[in-house]
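Worksheet: one structure, shown below.
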Amino acid sequence: MLAKTIPFNQPYLANALPHIACAINKKHVSGNGYFTKKCHAYFRNLYARPTLLTTSCTVALEMATLLAEIGPGDEVIIPSFTFVSTANPFLLRGAKVVFADTMNEYPNLDVDAIEGLITPRTKALVCMHYGGVACDMEKLTALAAKYGLMIIEDAAHAILSYYKNQHLGTFGRFSTLSFHETKNITSGKGGLLILNQPEDISRAEILWEKGTNRTAFHRNETQKYEWMDLGSSYLPSEINAAVLYSQIEEINAIQKRRTTLWQNYYSGLLALETQGKIRLANLPDYATINGHLFFMECDSQKTRDRLIADLRKKGIHSVFHYLPLHESPFFKCKHDGRPLNNSVRFSERIIRLPLFYELKNKEQEYIIETIYNCL
Ligand SMILES: *Cc1c(COP(=O)(O)O)cnc(C)c1O
């Protein structure tokens, strides 16, 4: 037994304070200042595309929906096994959401199962890379091309992870990352919009600044700034950008540690899979891991719920994950009734284990040992 509970997540913010102090000392904290520019430069270089920091991944998806001009009469195909933020932005614009199932082997969008859902009204295919593991992007890209559809990537989990050698977040016409405190790097709350087509940046900057051309004005490209388009308050404060930059400076160490912890869990729990007691993530060969989350699949919901409760008693905080969106109280009556069995199965059986930068080897060994005792 440990002296303290092992939390499921603990944000690593060691070097945030000096950066926050620096942002405050610059006496410009409302956003788009020194640290925002540093973050933009990092992501511009990483993705070789224009990017915009946002106050969350959720609003980055709202920006994507506006930029894509998705609205009433349009349909988008979305996995059911994802967070509500993948779906809400489209519904907020009056579009219709059509939920798709995940693969049997891994809780990512089943690209083979979506062609039959495409109608003349379909405008976009939306994918989410669960746990930072790539969806089948070649297949998805081919399907999108065949029907002239746009891909939007919810890459909230997927920083520094790849499909073959290409960064996740660079396939979609619009892609988004999250810097919520549960993600690999955090700004407290924050997100990123990645633009695949450089010409989208001028409109994106306007939406970002409440529909005004203020960003261009600050670059001395216009005499005054005016209301040009729809928009909202999507840009984060310099304080958030400063926190994010403190994490960017340590991103290699963070990714390395999280990936090591992921691999330790995998090798440590492999014998349980061999014994048929659990299923570990079955990674497609085109995907990489980035240590965003570690999950395993129990043989039933009952076993999963009992394991969470038993681990709790031993001071370990583990958690389940997404509830299928097509069965949610909000959407149930809007769904067309198709069963999405893999989404439901993963939802019932997945358990996620503590995984964060400062998790100690000793703690992880204790977690693995306790799982063996419980199962
Ligand atoms: C965390 C998360 C989001 C939302 O991120 P915020 O930055 O909190 O808005 C969206 N989609 C997925 C898949 C997520 O995991």
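Beyond 18 Å in Cα-Cα separation lie the following of the pairs 314/362; 4/360; 256/277: 256/277.
A cut-off under 9 angstrom between Cβ atoms defines the neighbours of residue 15, and their net charge, with Lys, Arg +1 and Asp, Glu -1, is -2.
How much accessible area per residue does the chain have, in Å², with a 1.4 Å probe? It would help to have the intermediate numbers written out before the result.
Numbers: 16200 Å² over 375 residues.
With the other protein chains kept in place, the chain gives 43 Å² per residue.
For the pair region 25-60 and region 299-319, the centres of their Cα atoms are 39 angstrom apart.
Determine one quarter of the surface area of the Cα convex hull of region 216-353, which equals its mean projected area, and express it in nm² to one decimal.
Numbers: hull surface 60.3 nm².
Average of the hull's projected areas for region 216-353 equals 15.1 nm².
Would you list the membrane-span-like helices of the chain, meaning whole DSSP H runs whose alpha-carbon atoms span at least 24 Å along their axis and whose mean Kyte-Doolittle value is at least -1.0? If you can, show how the numbers build up before the last one.
Details: long enough: 251-274 (34 Å, -0.39).
Those that clear 24 Å and a mean of -1.0 are 251-274.
Entry for region 92-163 at q = 0.21, 0.25 Å⁻¹: log10 I(q)/I(0) = -0.95, -1.26, Debye formula applied to identical alpha-carbon scatterers, no solvent contribution.
Which of 127, 39, 22 ends up with the largest GNM mean-square fluctuation for the chain, with Cα atoms connected below 10 Å? Of 127, 39, 22, the most mobile in the Gaussian network model is 22. Using the Cβ-Cβ distance between residue 369 and residue 250 with R0 set to 30 Å, the FRET efficiency from 1/(1 + (r/R0)^6) comes to roughly 0.50. Each of the peptides 27-37, 115-125 was scored by the mean count of other Cβ atoms within 10 Å over its residues; in descending order, highest first, they stand as 27-37, 115-125.
Stretched out fully, how many nm does the piece from residue 332 to residue 361 gain, at 0.36 nm a residue minus the Cα gap? Display every interim value, and only then the final one.
On the way: separation 29, 0.36 × 29 = 10.44 nm, distance 4.27 nm.
6.2 nm is the gain from fully extending residue 332 to residue 361.
Applying Stokes-Einstein at 4 °C and 1.567 mPa s to the Kirkwood radius of the chain, computed over alpha-carbon pairs, gives a translational diffusion coefficient of 60 µm² s⁻¹.
So what is Rg over Rh here for region 1-153, counting just Cα atoms and using Kirkwood for Rh? Before the final figure, lay out each step's value.
Details: Rg = 19.4 Å, Rh = 18.2 Å.
Value, to two decimals: 1.07.
Its residue count N fixes a reference of 2.2 N^0.38 Å for region 119-160, and the Cα radius of gyration divided by that reference is 1.22.
Let me know the shape class of region 76-128, please: from the alpha-carbon gyration tensor, a ≥ b ≥ c as square roots of the eigenvalues, rounded when a/c is under 1.5, otherwise prolate if a/b is greater than b/c, or oblate. Don't skip to the end; give the middle numbers.
On the way: a/c = 2.97, a/b = 1.29, b/c = 2.31.
It comes out oblate by the Cα gyration axes.
Sorting the segments 340-349, 129-138 by their residues' average number of neighbouring beta-carbon atoms within 10 angstrom, most packed first, yields 129-138, 340-349.
When the accessible area of the chain is split by element with a 1.4 Å probe, what percent falls to carbon and sulfur?
With neighbouring chains kept in place, the figure for the chain is 53 percent.
Among 205, 69, 238, the largest mean-square fluctuation in a Gaussian network model of the chain (Cα springs under 10 Å) belongs to 69.
An ellipsoid equivalent to region 154-220, defined through the eigenvalues of its Cα gyration tensor, has semi-axes of 25, 16, 8 Å when rounded to whole angstrom and sorted largest first.
According to the Kirkwood expression over distinct Cα-Cα pairs, how big is the hydrodynamic radius of region 331-375, in Å? By the Kirkwood definition, the hydrodynamic radius is 13.8 Å. Just 112, 101, 285 to compare: in a GNM of the chain, with alpha carbon springs under 10 Å, which one fluctuates most? Most flexible of the set in this elastic network: 285. Relative contact order for the chain: 23 percent, from Cα pairs under 8 Å spaced at least 6 residues apart, divided by residue count. Checking the Cα-Cα distances for 123/146; 123/210; 38/189; 146/183 against a 23 Å cut-off, the pairs over it are 123/210; 146/183.
The values are calculated or read from the model by the stated rules, or taken from the named source; none is laboratory data. Note that the structure is predicted; figures quoted are calculated from it, not measured. With ideal geometry, Cβ positions are generated from the backbone for all residues, glycine too; neighbour counts draw on all protein chains shown. Areas reflect the complete protein model, heavy atoms only, side chains present, ligands, DNA and RNA absent. Shrake-Rupley method; radii C 1.70, N 1.55, O 1.52, S 1.80 Å.
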